[in-house]
Amino acid sequence: MKETILQMWVDLPWPAVKSNPFSSKENGVLDESAFNVIEVDKVFDAVNHAATTVGQATLYQSLSHPSADLHEIKAKQQALEELRNNPELKLALEHIVDNACAGEKSLYLLLFGKFIGSFSTARDSDEIEGYGYLQYKRAVAFVLNLVAQTQALPTPQSSYLNEVFNTIKTFTQSRAYSLMEEPVYFTEKGIQTKKDRVGLFPVPVIFRPRIFKPLLLTLIFIVLCVVLYFVAAVIPGSVAFFFPFLLVYFPIVGGYDRDNCIIPLRKEFKHSAELAKTLDALGQLDELLAFMKFADNFGHATVLPTLLDADHHRINLVGAKNPILAKQNSAYVGNDFSLEDEKLVLVTGPNSGGKTAFCKTLTQIQLLAQIGCYIPATSAALTVADKIFYQAPEISHLNDSEGRFGTELKRTKAIFLATTAKSLVVLDELSEGTTFEERMESSSNVLNGFYRKGNSTVLITHNHQLVDDIVKAGIGLAKQVEFANDAPTFHLIPGISRVSHADRVAKKIGFSKEDIDNYLNEAK
């Protein structure tokens with residue numbers, strides 16, 4: 001069963017948006033290496049328009065663990081389409097999320113806050129001053145208001161929204177909800193709700209989140225009056241000595257409620273599966289609204305991709321742009337890309353021509369599609385990938401006895417064994433750290449293997465001889481990044497680049513042959 005956001009937070013000192021996505025050994029669409037190379041953290045920063053902490057955490061977990069379920073992704077797309085076509089429902093959800101944004105901190109303070117003492121002043125946002133009554137009431141009000149607002153919404157048409165709404169509504173059937181409604185009974189049998197109570201005995205302690213207890217105060221007043229009546233008759237003026245005892249009431253009653261009622265209740269709430277699901281549902285609503293805000297504010301065309309049901313991975317993009325770089329650049333160049341019946345594409349071109357940027361665009365778009373989000377393109381159709389791999393050059397470590405070539409080959413082998421026909425694989429160079437002849441042979445063997453497996457494979461390479469051989473064998477398409485007037489246009493076009501432009505790059509960074517000669521001459 002999928003871990004909830006609250007379960008991820010349960011052992012943390014305070015809720016974190018970016019909790020470790022690979023703390024478990026879950027075998028998902030992304031592995032840790034692909035997560036880092038694709039720059040999922042930056043994708044999150046580009047897409048994140050979520051208002052609540054749980055909404056941001058939901059989005060981050062979606063990106064870390066994208067779905068491989070075609071029907072699940074389509075359901076999220078249908079929810080987005082319904083919100084686009086139903087402005088009143090969208091406005092109602094925005095109102096709920098805005099209220100939650102203002103109130104959710106109170107819940108986190110109750111569940112994770114540190115009590116600092118009765119007479120201390122809170123200096124940090126995670127500190128609870130006093131006895132916790134105010135924080136408890138605000139946290140409970142936040143949850144109950146969320147449920148009440150959701151209950152007032154009309155039944156949506158999309159299955160995804162309907163399921164999310166029902167998750168929040170069914171919280172009313174939970175023990176946690178009954179405890180939040182009050183009253184709460186504390187007996188020798190433990191914490192009980194009104195539904196749990198059977199008979200009058202044992203007599204419980206009834207908890208209500210306020211320090212002034214009318215019944216208790218009445219009893220104390222009667223006792224004091226009786227005592228004062230007798231004592232005053234014996235010791236004149238003794239009445240004044242009893243007023244300080246009233247001050248003892250506050251730390252005794254407040255401390256008892258905090259230690260024996262509020263803290264046990266917050267432990268129960270913190271481990272409530274129903275409350276965790278309700279919080280997740282809020283995060284899912286916020287995530288949907290974040291997708292829409294991303295599309296509205298991106299500055300370029302965005303679209304919900306058509307999801308294909310095919311035996312092997314396919315992708316067809318028109319005007320695709322990088323979700324990170326294009327957001328910061330209104331003149332960013334879009335590219336078309338199609339990989340359907342073909343299964344292997346080899347991308348060549350000089351350094352700084354845009355090869356890596358395009359391949360990251362490809363994988364980032366695939367990632368966004370698999371969380372149900374809009375993607376930066378004018379049109380798109382693709383299949384859901386069961387795995388997304390991106391192999392980038394790695395520096396070998398001292399304990400790697402095989403060296404750079406062996407380190408890279410082990411990674412390539414692991415990817416090869418994990419892929420199926422429905423996987424998307426990007427390889428940034430192959431067989432580095434060996435001779436040209438061995439590099440050609442090893443690379444050809446690897447690419448033939450991926451081709452026979454049937455997944456979509458994209459290779460970034462400067463080795464145009466390798467590309468020539470693969471194209472002649474009829475198993476791959478050749479693409480190159482375009483240059484015009486000795487400068488990259490960042491367009492991807494058919495063909496094989498046979499020029500490195502190494503001298504242009506060396507001049508740009510000030511380390512060409514002329515720069516070296518000038519340095520040596522000046523040093524004399």
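Structure data summary
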{"read-out": "Residue check, residue 153 on the phi < 0 side of the Ramachandran plot, outside any helix (DSSP H, G or I), assigned by TED's automatic domain parsing to the domain that holds residue 93 and at pLDDT 95 or above", "value": "yes"}
{"read-out": "Filtered residue count, region 439-490, keeping only those that are under 25 Å from residue 319 (Cα atoms), under 35 Å from the mean Cα position of the chain (by Cα) and not aliphatic (A, V, I, L, M)", "value": "9"}
{"read-out": "Whichever residue in region 284-324 is free of Cβ contacts under 8 Å to residues at least 60 places away in the same chain and either surrounded by fewer than 16 Cβ atoms within 10 Å (Cβ to Cβ) or touching a strand residue (DSSP E or B) at 6+ places or on another chain (Cβ under 9 Å) (or both) and, among such residues, is nearest to residue 375 (Cα to Cα)", "value": "321"}
{"read-out": "Residues of region 4-56 satisfying the condition of being out of contact with any strand residue (DSSP E or B) (no Cβ under 8 Å at 6 or more places or on another chain) and among the small types (Gly, Ala, Ser)", "value": "16, 19, 23, 24, 28, 46, 50, 51, 55"}
{"read-out": "Yes/no for residue 421 being at pLDDT 95 or above and assigned by TED's automatic domain parsing to the domain that holds residue 332", "value": "yes"}
{"read-out": "Any hit, region 124-133, residues being of a type in the set (D, E, K, R), assigned to a helix (DSSP H, G or I) and either over 25 Å from the mean Cα position of the chain (by Cα) or exposed (fewer than 14 other Cβ atoms within 10 Å of the Cβ) (or both)", "value": "no"}
{"read-out": "Any pair with Cβ under 7 angstrom, 6 or more apart, that starts in region 105-116 at a residue that is surrounded by fewer than 17 Cβ atoms within 10 Å (Cβ to Cβ) and ends at one that is at pLDDT below 95", "value": "114/126; 114/127; 114/128; 116/122; 116/127; 116/128; 116/129"}
{"read-out": "Residue 55 being closer than 25 Å to residue 20 by Cβ and in contact with a Gly (Cβ under 6 Å, 6 or more places away or on another chain)", "value": "yes"}
{"read-out": "Pair list, Cβ < 6 Å and 6+ apart or interchain, from region 254-267 residues that are aliphatic (A, V, I, L, M) to residues that are surrounded by 13 or more Cβ atoms within 10 Å (Cβ to Cβ)", "value": "262/132; 262/136"}
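The values are calculated or read from the model by the stated rules, or taken from the named source; none is laboratory data. Just so you know, these numbers come straight off a predicted model, no measurement behind them. For neighbour counting, all protein chains shown are included, and Cβ atoms are generated from backbone atoms with ideal geometry for every residue, glycine included.
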